[in-house]
Amino acid sequence: MSDIHVNAGFDGGNIRLIGIDGERVDLEIVNDHDSDFYQWFYFRVAGAKGRTLTLRIVNAGGSAYPFGWPGYEARASTDLAAWRMADTGYADGVLTITHAFDTDLAWFAYFAPYTMAMHEALIARIALEPGVAHRQIGTTLDGQGIDYLRIGTGAKQVWLYARQHPGESMAEWWMEGALDWLTSDAASDLLAKATVHVVPNMNPDGTRRGHLRTNAVGTNLNREWHAPSADKSPEVLCVRNLMDETGVDFALDVHGDEAIAANFIAGFEGIPSWTEAQGQKFTDFGDRLAAATPDFQTEKGYPKAKPGNANLSMSTNQLAERFGAVSVTLEMPFKDHDPNADPEFGWSGERSKRLAVSCLEVLTGMIDDL
């Protein structure tokens, strides 16, 4: 019997051990519950100190976005704080992580995790800040609360929400950076002109379960915004209902992208009510952000929808159409932001936090025009 132990039986964990043969460990990622989606992994290895192991995720080729594996490097940590890029390769449908263990324990993940324990600590800390109002606006199908924070008193209604896809953990790192800035003196100009509504984690159940893309019953929340329901997507239902009460002038939906090695935004081209004026404000946001930080660019991104072909089940399109909002999807990479690459950490939680500050500083500069 091997003295190497692999497990993912913790908050946000996901892996299945297939077998151990000497220095080779074969693994599988587990599907999201009631779904074909899988790609998020997060597990620990114990008992390998002094050995070099080859960790093989043998079902990587059948994952949701296999085209995202080439050029990708897994994240590894020995302290759950610093997550460095690991020696990773992809061939013949197998993702291989090679790691020399100099400690008794090491953790591996698709990206630096942001667990529900971390979420609870964030909410507890921010809710105590002056000027912050917290509400639980709904309950998930697993019985977890949907946390909502309101900051500011201005007339413009700004909505920030993240982690519809729970495996995109960089989105909640971004939220931590945003909330730290919003509760600092630096935010005073924005908060005098805007009320900022924040849902740091739209999908607590998927987060805790270690899902890539869905909630507890296999629902992709970002395909529910046209007709959310209490039995399939209560998370979207409670958020959209509150948006209907407040209105929305600007919305930012924070995500991660598996394949594109850059930060970029996606918009609402193709909505039935599209106007050039509304679209120009979206473009201005991206241009200003690219000018403000080397960690953003506007050349790479998703194809734009043709006129009249927007998918209104997606939040960015739905909110632009429903409210006439300047509605933005921010995508951050699981790989790195190649225009400003970091060979040790790649794109990271800390860089996600800094990008949030840049986004909000840019928003402050254009809030009067929304």
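Values as computed for the structure displayed
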| read-out | value |
| --- | --- |
| Dipole magnitude (debye, nearest 20) for the range 1-51, charges at Cβ of Lys, Arg, Asp, Glu | 340 |
| Greater than 31 Å apart at Cα, pairs in 193/353; 49/353; 193/335; 300/353; 156/306 | 49/353; 193/335 |
| The range 5-109: radius of gyration over Cα atoms, expressed as a fraction of 2.2 N^0.38 Å | 1.00 |
| Between 0 and 90°, nearest 10: helix 349-366 axis offset from the chain longest Cα axis | 10 |
| Per-residue ³J(HN,Hα) for the range 145-152, Karplus 6.51 cos²θ - 1.76 cosθ + 1.60, θ = phi - 60°, Hz, x for Gly and Pro | x, 9, 8, 9, 10, 10, 9, x |
| Contact order relative to length of the range 293-370, as percent, for alpha carbon pairs under 8 angstrom and 6 or more apart | 28 |
| Label point distance in nm, residue 338-residue 136, each placed 7 Å from Cα along Cα→Cβ | 4.5 |
| Residues whose placed amide H lies under 5 Å from that of residue 162, excluding near-sequence neighbours | 199, 201, 202, 254 |
| Nearest-20 debye value, the chain charge dipole, Cβ charges on Lys, Arg, Asp, Glu | 340 |
| The range 315-370 versus the range 45-79: alpha-carbon centroid distance in Å | 27 |
| Backbone HN-Hα couplings from phi across the range 160-167 [Karplus 6.51/-1.76/1.60, Hz, Gly and Pro as x] | 10, 8, 8, 6, 4, 9, x, x |
| Cα long-axis angle, helix 170-182 against the chain (0 to 90 degrees, to the nearest 10) | 50 |
| Sites residue 52 and residue 275, calculated FRET efficiency, Cβ-Cβ separation with R0 56 Å, nearest 0.05 | 0.45 |
| Kirkwood Rh, angstrom, the chain [1 / mean 1/r, Cα pairs] | 21.0 |
| Mean ellipticity per residue at 222 nm, deg cm²/dmol - from DSSP H runs of n ≥ 4 across the chain, formula -39500 (n - 2.57) | -8000 deg cm²/dmol |
| The chain - share of DSSP beta bridges that are antiparallel (%, nearest 5) | 65 |
| Along the chain, longest interval not containing exposed GluC sites (Glu not before Pro), exposed being DSSP loop plus at most 15 other Cβ atoms within 10 Å | 24-298 |
| Relative contact order for the range 116-369, counting Cα pairs under 8 Å that sit 6 or more residues apart, in percent | 23 |
| Under-5 Å amide H pairs with residue 264, H placed in peptide plane, nonlocal only | 331 |
| Difference of contour (0.36 nm per residue) and Cα-Cα distance, residue 192 to residue 65 | 41.5 nm |
| In degrees, nearest ten, helix 116-127 long axis to first principal axis of the chain (Cα) | 30 |
| For the range 5-109, share of DSSP beta bridges that run antiparallel, in % to the nearest 5 | 90 |
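Computed from the coordinates by the stated procedures, all read-outs in this text should not be read as laboratory data. Since we're looking at a predicted model, the values are computed, not measured. Virtual Cβ from ideal backbone geometry, glycine too; neighbours counted across all protein chains shown.
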